[in-house]
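For reference, the structure discussed in these notes is given below.
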Ligand SMILES: Nc1ncnc2c1ncn2[C@@H]1O[C@H](COP(=O)(O)OP(=O)(O)O)[C@@H](O)[C@H]1O
Ligand SMILES: [Mg+2]
């Protein structure tokens, strides 16, 4: 197994606040990595650094042995690093299908080509198949023509993951994909993640560990900007430092 | 009364041309762009340079003015506005207001502070409903409606249009598709500036041309954008004509109050609409 992404002494300071503190970590190909940690421990900030939304205060990031520390977010997507957001990000004023077409227009080419001026020219066969594949995976076929703003939050989350998948990522970062969902929706998303883990390398941030414990191959625990422990999920859970930091005196549910 | 309605349509058309850029810039980039006044004013001064000083024909001057504003707008976006993305709104407001004031001084320095008159380039009248309407103004209203239809088609049918619509919803989401959204912000900005100049060109012969002309109309356009909804293209169109009509009607009965009325309408809208800024 090889490392696809390596973060080296990665830090992010917001004024005096150290949100991410000299983190060293790597992501292995075809693995599912879980990141847990209390609110404010720096999980989302770490994603923002990897996806390029914030420049790091120090440290460097390499992806497939190429340094990407300073390239803009959209170029990282082109290189294969795709993310979702803690608060769902979809295009509400378009239909579900249009959302997927928009994410697929770059499917064949590196950059959006202005030669394909008309949106309808995106009805090209390969693009259509790419959209359809994503649509089926996330189970929104019957909503294809619905306006995205009319979907439930759970369906929007599914669509967001579908959009991410249609970009054919080499590394997919999911920021609390289960947050704000009903129990039924949570099991749908988990089923989807179980299905896609065969084909994609995933990193999942989650607040409630019990939900993802059966999904991840490796668990990292963050606290106050640092990784306090990482390893196979069972070991991480038994680690006394983790127990104290994360659960305090409470028992594991 | 017919004339009042027609007058309202004329004002609505002008407000519409100038407001589109403001609305799109705010909707996509979250920048309150006071510098919009300056691209608008400079465009008009370029027009009169060709028409008054070089004595070229009005349409040629108009096309050249619009072409000339494209690189100017690009430079303003690239080196000033782009640095303001993500900053707080009041900060963008102050910074672009500074640009507007610098622009006003630049205009005084190049063209002088005195106003220039420009005459109606067509000068013929159309008799409709017993009133004679200047053909120039009829053209202006028709152009605004045509522009609305064209923009609607552009945003509905083209990939670039869809990317801009998506950026109005969520610009980080567009970045996450591997699309260089900043490039499209430049495009939106340049397009908005060119349309403002088009508005200025239409407006110049029926108003006076002076260095502060942009500042005066910009406040009205802000009202249009606020009433129509920031980044809402259809809303901008409807609110431009509604407020234009309101101005014309008020002016008929209470000439001094025409502009005040626009801001009263804006305040009323702000009070009754949930804040979504
Ligand atoms: N853009 C920002 N500006 C200032 N502080 C921030 C910003 N983003 C996050 N923070 C701070 O960094 C810390 C880590 O936040 P975050 O990464 O969102 O935590 P988590 O996702 O683990 O809940 C928090 O204290 C948060 O307030
Ligand atoms: Mg978070």
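Residue under question is residue B:234, and the condition is that it be within 14 Å of chain A (Cβ to nearest Cβ), modelled with pLDDT under 90 and assigned to a helix (DSSP H, G or I); does it hold? No.
Applying the condition of being assigned to a loop (DSSP other than H, G, I, E, B) and within 8 Å of another protein chain (Cβ to nearest Cβ) to the stretch A:85-104 and asking which residue is nearest to ligand 2 (Cβ to nearest atom) yields A:85.
Taking the stretch A:116-201 and the helices (runs of 4 or more DSSP H) fully enclosed by it, the elements with 2 or more residues that are touching a helix residue (DSSP H, G or I) at 6+ places or on another chain (Cβ under 6 Å) and within 13 Å of chain B (Cβ to nearest Cβ) are at A:125-137, A:153-166. In the stretch A:185-216, of all residues being touching a residue at least 12 places away in the same chain (Cβ under 8 Å) and exposed (fewer than 15 other Cβ atoms within 10 Å of the Cβ), the one that is farthest from the chain's Cα centre (by Cα) corresponds to A:210.
You will find that of A:6, A:77, the residue that is within 14 Å of chain B (Cβ to nearest Cβ) and more than 13 Å from ligand 1 (Cβ to nearest atom) is A:77 and no other.
Scanning the stretch A:34-57 for residues that are away from ligand 2 (no atom under 16 Å from the Cβ) and either buried (at least 19 other Cβ atoms within 10 Å of the Cβ) or assigned to a strand (DSSP E or B) (or both) yields A:52, A:56. Can you confirm whether the stretch A:65-79 contains a residue that is within 16 Å of ligand 2 (Cβ to nearest atom), assigned by TED's automatic domain parsing to the domain that holds residue A:197 and crowded, with 23+ Cβ neighbours inside 10 Å? No, the stretch A:65-79 contains no residue that is within 16 Å of ligand 2 (Cβ to nearest atom), assigned by TED's automatic domain parsing to the domain that holds residue A:197 and crowded, with 23+ Cβ neighbours inside 10 Å. Pairs are defined by a Cβ separation below 9 Å, a sequence spacing of at least 6 or placement on different chains, a first member in the stretch B:242-253 that is without any contact (Cβ under 8 Å) to a residue 40 or more places away in the chain, and a second member that is assigned to a helix (DSSP H, G or I); the pairs so defined are B:250/B:257; B:250/B:258; B:250/B:259; B:250/B:260; B:250/B:261; B:250/B:262. Can we say residue B:182 is within 14 Å of another protein chain (Cβ to nearest Cβ) and free of Cβ contacts under 8 Å to residues at least 24 places away in the same chain? Considered against the rule, which asks whether it is within 14 Å of another protein chain (Cβ to nearest Cβ) and free of Cβ contacts under 8 Å to residues at least 24 places away in the same chain, residue B:182 comes out as no. Show the residue pairs meeting these rules: Cβ distance below 7 Å; 6+ apart or different chains; first residue within the stretch A:69-88 and more than 19 Å from residue A:105 (Cα to Cα) and touching a residue at least 40 places away in the same chain (Cβ under 8 Å); second residue more than 16 Å from ligand 2 (Cβ to nearest atom) and in a helix (DSSP H, G or I). From the stretch A:69-88, the pairs are A:88/A:153; A:88/A:156.
The values are calculated or read from the model by the stated rules, or taken from the named source; none is laboratory data. Since we're looking at a predicted model, the values are computed, not measured. Because the Cβ atoms are built from the backbone with ideal geometry, glycine has one as well, and the counts that use them run over all protein chains shown.
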